[in-house]
1. Exactly one condition in (1) outside any loop (DSSP other than H, G, I, E, B); (2) at pLDDT 95 or above is false for Asp62; which is it?
2. Restricting the search to the stretch 20-44, which residues are of a type in the set (Asp, Glu) and in contact with a strand residue (DSSP E or B) (Cβ under 9 Å, 6 or more places away or on another chain)?
3. Restricting the search to the stretch 6-31, which residues are modelled with pLDDT of 95 or more, assigned to a loop (DSSP other than H, G, I, E, B) and under 13 Å from Tyr72 (Cα atoms)?
Amino acid sequence: MAIDVRDHRLVPEHRKMSEDEVEELLERFDIERENIPAIKSNDSALKQEEFEVGDVFEITRDSSTAGKSKYYRRVVE
């Protein structure tokens, strides 16, 4: 029996960003793609997603002080 960890209440939403969104993110923060923190390709939250190494995910977490906060991770092997 396979369990989809993305359905667990403690796993934040992970959304693969489009290339246009990634370019906008890089420009906004004046960084290179390699400067985005990494997430391993075998991370449980990505198991049901279609992605390639180098793709960027936007992670939306609940925050008791900010309501919602966004984090960005670049897929690595």
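1. Unmet condition: (2).
2. Glu21, Glu34, Asp43
3. Passing the criteria: Met17, Ser18, Ile31.
The values are calculated or read from the model by the stated rules, or taken from the named source; none is laboratory data. What you are looking at is a predicted structure, and each value in this text was computed from that prediction instead of being measured. Ideal geometry is used to build each Cβ from the backbone, glycine not excepted, and the neighbour counts take in all protein chains shown.
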